[in-house]
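First comes the structure, then the notes that go with it.
Just so you know, all these numbers are worked out from the coordinates, no wet-lab data involved. All values derive from a computational prediction rather than experimental measurement. When we count neighbours, we look across all protein chains shown, and the Cβ atoms used for this are built from the backbone with ideal geometry, even at glycine.
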């Protein structure tokens, strides 16, 4: 069991959180809306993963740098945090880009 990948994901999410806090882009600007968006996005991606696993498209594989904890068959714990990272960074980019004025 290794915490390397999970640790890297958590450090990355924390970095996004620090950027969000500094510039008040999403969660620190409109917490309810941002957290709802993150929750919905992660739920959609998890459903997508579960359907993909059911169809035999997605599988866990073997990796020594993962915890080995499974949320569901072929869905490792790290997948949840990867989806949080993916959704959060996309939300921050979308909010930052939509706030800029183009001359």
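Separation of the range 57-98 and the range 9-50, taken as the distance between their Cα centroids, equals 12 angstrom.
Against the main long axis of the alpha-carbon atoms of the chain, helix 77-98 sits at an angle near 20°. Counting neighbouring beta carbons within 10 Å and listing from fewest to most, the residues 28, 82 come out as 28, 82. The modelled label-to-label distance for the pair residue 96/residue 70, using points 7 Å beyond Cα in the direction of Cβ, is 3.8 nm. Given the -39500 (n - 2.57) contribution per DSSP H run of 4+ residues, what per-residue ellipticity at 222 nm results for the chain, rounded to the nearest 500 deg cm²/dmol? Theoretical 222 nm ellipticity from helices: -22500 deg cm²/dmol. Note on residue 50 and residue 36: their simple-model spin labels are 2.2 nm apart, each label 7 Å out from Cα toward Cβ. Angle of helix 4-23 to the longest C-alpha principal axis of the chain, folded into 0 to 90 degrees and rounded to 10: 10°. Listed by Cβ neighbour count within 10 Å, with the fewest neighbours leading, 98, 2 appear as 98, 2.
Taking a ≥ b ≥ c as the square roots of the eigenvalues of the Cα gyration tensor, the range 4-95 is oblate, since a/c reaches 1.5 or more and a/b is not larger than b/c. Once both axes come from the Cα atoms, what is the angle between helix 31-54 and the longest principal axis of the chain, in degrees from 0 to 90, rounded to 10? Helix 31-54 sits at roughly 30 degrees to that axis. Fewest neighbouring Cβ atoms within 10 Å first, the residues 42, 53 line up as 53, 42.
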